[in-house]
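Just below is one structure, and these are the notes that go with it.
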Amino acid sequence: MKKLKLIYNPMSGDRLFKSSLDTYVAAFQQAGFEAHLFRSDAVGDIDKHIAAMPKGFYDAIAVSGGDGTLNLALNALMTHGHSATPLAIIPSGTANDFASFLGISKSAEKCAKALARGEIIWADIGLANETYFINVCGAGLFTHISQQVDEGMKSTLGKLAYYLKSLEEIPNFQPISVRITNSTTVMEEDIFLFLALNSAGTGGFDKLVPDASISDGLFDFIAFRACPILDLGRLFIKVLKQDYLNDDGVIYFRDNYVKIELISQTDRYDSCDVDGEWGPKLPVEIRNLHKKVPLIAPYSLNLVHSTKFHDNQHQSSNIL
């Protein structure tokens, strides 16, 4: 029997994953997997647990939690030699931006069935200095909201807790002066924030880049130029309408490399956010690692430019 490691964070989102645990274990067993569980309950324990796992022992790894839990697991898998093991994502956090892009349902029954019928796709990931990310690396206005919101508020209010905290930040925010370097251009700008996106969205905005791909070898880079607050409101409306990428207040390009440096020093907005976790301090070099991680995705997944897993030994990409 094949072996699957299920790592879960019981404190993610509404904290109800434990009530669905048997649904997932049953689905994995019916698909021919012996499920081994690990419950994360302390800072750093996911890294320690994955570091101790024997290489090649598990045929698949499933991670239940939000984007932050997924990020912690990804970094541990990449660091400790498990990057080739297929990864299944079970969304049980507050935002679940990356899982939403993959079309993975938060319904336990639907999610378990989708993963059991899933296929493997090779996905890009990002490397921000020495830290990996799967969905987004950013800095500036709103980017550290997930670290600042109280866990109780997230459990009670869900995404609304993020939006309320964001409103608190706007009046006191100061633009940051940065130098942006990509493969062909260097520019200096005063910006409110930047995002290097691997998928279509972040922070609950799931269609910032509607035609994004996680397997094209490129990031969608977005930066919002500094402007009066009233103009920021106008731009926000255009973001909601998905009609903003050509706006003069927006810097947008696709590339597999970008470097962000501070021109003027600041101690408030000098750190990046990676998938909802604290990331490296600026300057940061962000690189796309093309098709680096095998993901177990729903069979009906419709990703622009995505490629399904095939090799000379496998005629089917089904994993479960």
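The values are calculated or read from the model by the stated rules, or taken from the named source; none is laboratory data. Since the structure is predicted, the reported quantities are computational estimates derived from the model, not experimental observations. Ideal geometry is used to build each Cβ from the backbone, glycine not excepted, and the neighbour counts take in all protein chains shown. Note: accessible area is taken over every heavy atom of the protein model, side chains too, but ligands, DNA and RNA are not part of it. Shrake-Rupley method; radii C 1.70, N 1.55, O 1.52, S 1.80 Å.
Across the range 282-302, a minimum of one residue is classified as on the phi > 0 side of the Ramachandran plot and modelled with pLDDT of 85 or more.
Applying the criterion of being open to solvent by 60 Å² or more (accessible area, probe 1.4 Å) and outside any loop (DSSP other than H, G, I, E, B) to the residues of the range 180-206, the residue that is nearest to PHE98 (Cα to Cα) is PHE205. Residues considered: ALA76, ALA95. Of these, the only one that is buried (at least 16 other Cβ atoms within 10 Å of the Cβ) and modelled with pLDDT of 95 or more is ALA76. So, in the range 215-234, of the ones that are open to solvent by 10 Å² or more (accessible area, probe 1.4 Å), of a type outside the set (Gly, Ala, Ser) and outside any loop (DSSP other than H, G, I, E, B), which residue ends up modelled with the highest pLDDT? Looking at residues that are open to solvent by 10 Å² or more (accessible area, probe 1.4 Å), of a type outside the set (Gly, Ala, Ser) and outside any loop (DSSP other than H, G, I, E, B), I get ARG225. A single entry from LYS159, LYS154, LYS165 fulfils the requirement of being at pLDDT below 90, open to solvent by less than 30 Å² (accessible area, probe 1.4 Å), out of contact with any Leu (no Cβ under 9 Å at 6 or more places or on another chain) and farther than 17 Å from LEU235 by Cα: LYS154.
Within the range 207-214, not a single residue is at pLDDT 90 or above, in a loop (DSSP other than H, G, I, E, B), of a type outside the set (A, V, I, L, M, F, W, C) and more than 22 Å from the chain's Cα centre (by Cα).
Every listed requirement among (1) buried (at least 17 other Cβ atoms within 10 Å of the Cβ); (2) out of contact with any strand residue (DSSP E or B) (no Cβ under 6 Å at 6 or more places or on another chain) is met by ILE237 save one, (1). Of the residues making up the range 109-135, those that are of a type in the set (Val, Ile, Thr) and modelled with pLDDT of 95 or more are ILE125, THR131, ILE134. Taking residues in the range 1-29 that are in contact (Cβ under 8 Å) with a residue 60 or more places away in the chain and closer than 25 Å to GLY204 by Cα, and partners anywhere that are assigned to a helix (DSSP H, G or I) and aromatic (Phe, Trp, Tyr), the pairs with Cβ atoms closer than 8 Å and at least 6 places apart or on different chains are TYR8/PHE17; ASN9/PHE17.
Of all the listed residues (ASP247, ASP243), the sole one being outside any strand (DSSP E or B) and either closer than 21 Å to VAL136 by Cα or open to solvent by 40 Å² or more (accessible area, probe 1.4 Å) (or both) is ASP243. Scanning the range 27-43 for residues that are buried (at least 19 other Cβ atoms within 10 Å of the Cβ) and in a helix (DSSP H, G or I) gives ALA27, PHE28.
One residue stands out among those in the range 272-296 that are buried (at least 17 other Cβ atoms within 10 Å of the Cβ) and more than 17 Å from the chain's Cα centre (by Cα): the one that is nearest to ILE125 (Cα to Cα), which is VAL284. Annotation for the range 251-263: at least one member residue is surrounded by fewer than 13 Cβ atoms within 10 Å (Cβ to Cβ), at pLDDT below 95 and over 20 Å from the mean Cα position of the chain (by Cα).
Has the range 27-35 got any residue that is among the polar types (S, T, N, Q) and farther than 26 Å from PHE101 by Cα? Checked against the condition, which is being among the polar types (S, T, N, Q) and farther than 26 Å from PHE101 by Cα, the range 27-35 yields at least one hit.
If you go through the range 5-26 and pick out every residue that is surrounded by 21 or more Cβ atoms within 10 Å (Cβ to Cβ), at pLDDT below 95 and not hydroxyl-bearing (Ser, Thr, Tyr), you end up with 3.
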